Amino acid sequence: MKDTLKPGIESTFTFRLPGTKTVPALYPEAAEFQEMPEVFATGFLVGFLEWACIQAVNPHLDWPREQTVGTHVDISHVAATPAGFVVTAKVKLIEVSGRRLLFDVEAHDGVELISKGKHERFIINKDKFDAKMKEKLARKSA
């Protein structure tokens, strides 16, 4: 990680919400989800906030050798957003503790606040991480 990775880094990220990010698209195998409203799925909202955090810190890492993985999410999802809306994430890095990063996150859909909370990520070495996953796969098949 670079010297520039410090609390205070802020980023804004926007995304036009396609129909492929609504509740029925989250788990097409789930009949229950197919009956639910076609609004931004919480699972996809979490991914959107993670994406914004990744974009905020990547310039401060030795990307792609160093990457971050999400380890904790504590957010609200307080308003429904239909497909076609532009959603905006605002993220701020508020704590750096070794490899642990903590962000304040929020999202807005152009009409109202849809999410607010905290997100934790850890910096990983991609090669070491991949090697551990390969070992884990080998243990599973043994």
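Values in this text are rule-based calculations from the coordinates and carry no lab data. These numbers were taken from a predicted model, which means no experiment stands behind them. Note that each Cβ is placed from the backbone with ideal geometry, even for glycine, and that neighbours are counted across all protein chains shown.
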Taking the stretch 18-50 and keeping only residues that are surrounded by fewer than 15 Cβ atoms within 10 Å (Cβ to Cβ) and of a type in the set (Phe, Trp, Tyr), one is left with Tyr27
Within the stretch 1-45, restricting to residues that are out of contact with any strand residue (DSSP E or B) (no Cβ under 8 Å at 6 or more places or on another chain) and among the charged types (D, E, K, R), the one that is farthest from His119 (Cα to Cα) is Glu35
Scanning the stretch 10-68 residue by residue, those without any contact (Cβ under 8 Å) to a residue 12 or more places away in the chain and part of a helix (DSSP H, G or I) turn out to be Thr20, Ala31, Glu32, Phe33, Gln34, Gly47, Asn58
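I want to confirm something. Restricting to the stretch 7-17 and keeping residues that are surrounded by 11 or more Cβ atoms within 10 Å (Cβ to Cβ) and out of contact with any Asp or Glu (no Cβ under 7 Å at 6 or more places or on another chain), which single residue is nearest to Arg99 (Cα to Cα)?
Checking each candidate, the answer is Ile9.
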(1) more than 18 Å from the chain's Cα centre (by Cα); (2) in a strand (DSSP E or B) all hold for Leu5 apart from (2)
